[in-house]
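Q: Below you will find the structure I want to go over with you.
Every number in this text was worked out from the coordinates using simple rules, so none of it is lab data. This structure is a prediction, so every number in the text was calculated from the model and none was measured. FYI the Cβ positions are ideal-geometry reconstructions off the backbone, even for glycines, and counts take in every protein chain you see.
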């Protein structure tokens, strides 16, 4: 349970960064972007990536020394973050900013990068652990 709460808090970081940035680039009076839609989406994508980098750094520090399948753990973490961000984006985009629902649909695809990137990092951790294990076994056999 404690680990799931950590994952949810890390996912919240991913969602807070773009939500905070959007406050500066959203025109609340006219209920629209302060710039063109592609610029708005691009800026929020960068902000989401920054939030993801912060959360992954926190997750990565915890995972390096653990002895389990990091790929599976990373996929599960990415999935939790994905669902959490869909909820946050829905609340921000539809409820707070009063956008029509069809403007939310691209987020479903865009946010899938969170699952892809976290799973890839988990796989890298597993490969690194395997390499360290092999090197350690080779060193022991040469002694």
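Q: Please work out how much length the chain gains when fully extended from residue 13 to residue 50, using 0.36 nm per residue of separation minus the C-alpha to C-alpha distance, in nm with one decimal.
A: Roughly 12.4 nm would be gained on extension.
Q: Order these peptides, 114-120, 127-133, by their mean beta-carbon neighbour count within 10 angstrom, highest first.
A: Put in order of decreasing packing, that is 114-120, 127-133.
Q: Pulled fully out, how much extra length does the chain show between residue 136 and residue 41, if you take 0.36 nm times their separation in residues and subtract their Cα-Cα distance?
A: Taking 0.36 nm per residue and subtracting the Cα distance, the gain is 29.5 nm.
Q: A further question on this structure: Just want the ordering: 97, 102, from fewest to most Cβ atoms lying within 10 Å of their own Cβ.
A: Going from sparsest to densest Cβ surroundings: 102, 97.
Q: Could I ask something else about it? Output the 0 to 90 degree angle, nearest 10, between the alpha-carbon long axis of helix 70-90 and the longest principal axis computed from the alpha carbons of the chain.
A: 10 degrees
Q: Additional query: Once every DSSP H run of n ≥ 4 in the chain is given -39500 (n - 2.57) and the sum is divided by its residues, what mean residue ellipticity at 222 nm do you get, rounded to the nearest 500 deg cm²/dmol?
A: That comes out to -26500 deg cm²/dmol.
Q: In whole percent, what relative contact order does the chain give with Cα contacts below 8 Å and a gap of six or more residues?
A: That works out to 29 percent.
Q: So, how do all the Cα-to-Cα distances of the chain break down into 10 Å bins, in percent, from 0 on up?
A: For the chain, the binned pair fractions read 11, 37, 25, 15, 7, 3, 1, 0 percent.
Q: Once R0 is set to 35 Å, what does the formula 1/(1 + (r/R0)^6) return for the Cβ-Cβ distance between residue 101 and residue 127, expressed as a FRET efficiency to the nearest 0.05?
A: 0.30
Q: Using a 10 angstrom cutoff on alpha carbons, build the Gaussian network for the chain and name the most mobile of 14, 61, 43.
A: Sorting by GNM fluctuation, first place goes to 61.
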